[in-house]
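Enquirer: Here it is, the structure in full.
Read-outs: derived from the displayed coordinates by stated rules, not from any lab. As the structure is a computational prediction, the values presented were derived from the model and not from experiment. Methodologically, a virtual Cβ is constructed for each residue, glycine included, from the backbone with ideal geometry; neighbour enumeration extends over all protein chains shown.
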Amino acid sequence: MVTRIAFILVALAIAGSAVWAYRHDAELAARAREVEVGDPNETVREMLGEPSSEGSCGSISVAPAACSAEYVYRYYYTIFQPQYEVLWFNAEGKVVGRQHVQRAF
């Protein structure tokens, strides 16, 4: 009986995390399309939340020349082919570009 309950709990945890990842990715894709060049980084954080990583430009792909900071948002449902939304900001904190990156496994 305890084994059966443990199995059900583990199965529910796996299913719940898969549903969460799918929903997160769908919302990220929809909201990332709304980001426009010139939006301040505060607006981007309100729309997309906290980035998965934040730092210098060019960590995932080639960045624009005016780039001074980069936000990377990871898609969690894409395990075997990682995907990211990358946003670049200038020194004033405004978006200078956005790119959807898909890496081969």
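Enquirer: Can you tell me the 0 to 90 degree angle between the C-alpha axis of helix 2-32 and the longest principal axis of the chain, rounded to 10?
Expert: So the inclination is approximately 20 degrees.
Enquirer: Hey, what did the chain get for relative contact order, percent, Cα under 8 Å, at least 6 apart?
Expert: Taking the mean separation of contacting Cα pairs over the length of the chain, I get 24 percent.
Enquirer: Got a sec? Charge dipole of the chain, +1 on Cβ for Lys and Arg, -1 for Asp and Glu; which of Gln81, Gly55, Ala91 is way out at the positive end?
Expert: With unit charges placed on the Cβ atoms, the residue in question is Gln81.
Enquirer: Jot down the per residue volume, in cubic angstrom and as a whole number, of the convex hull over the alpha-carbon atoms of region 1-47.
Expert: Cα convex hull per residue, to the nearest whole number: 60 Å³.
Enquirer: Hey, how many Å between the Cα centroid of region 1-42 and the Cα centroid of region 68-101?
Expert: One Cα centre to the other: 18 Å.
Enquirer: How much net charge surrounds Pro64 when only other residues with a Cβ under 11 Å from its Cβ are counted (Lys, Arg +1; Asp, Glu -1)?
Expert: Within the 11 Å Cβ shell, the charges total 0.
Enquirer: Still on this structure, please answer the following. Using the alpha carbon gyration tensor of the chain, what are the three equivalent-ellipsoid semi-axes (square root of 5 times each eigenvalue), largest first, in whole Å?
Expert: 34, 14, 11
Enquirer: Got a sec? How would Tyr76, Tyr71 order by Cβ neighbour count within 10 Å, fewest to most?
Expert: Tyr76, Tyr71
Enquirer: Could you list the trypsin sites (Lys or Arg not before Pro) in region 1-104 that lie in coil according to DSSP, counting only those with at most 16 other Cβ atoms within 10 Å of their Cβ?
Expert: Hits after loop and neighbour filter: Arg33, Arg103.
Enquirer: Mind checking which of Ser68, Val44, Gly16 is farthest towards the positive end of the chain's charge dipole, using Cβ charges of +1 (Lys, Arg) and -1 (Asp, Glu) about the Cα centre?
Expert: It is Gly16.
Enquirer: Using a 10 angstrom Cβ neighbour count of at most 11 plus a DSSP loop assignment to flag exposed GluC sites (Glu not before Pro), which longest range of the chain is free of such sites?
Expert: 37-91
Enquirer: If you wrap a convex hull around the alpha carbons of region 49-105, what volume per residue comes out, as a whole number of Å³?
Expert: In region 49-105, the Cα convex hull volume per residue is 73 Å³.
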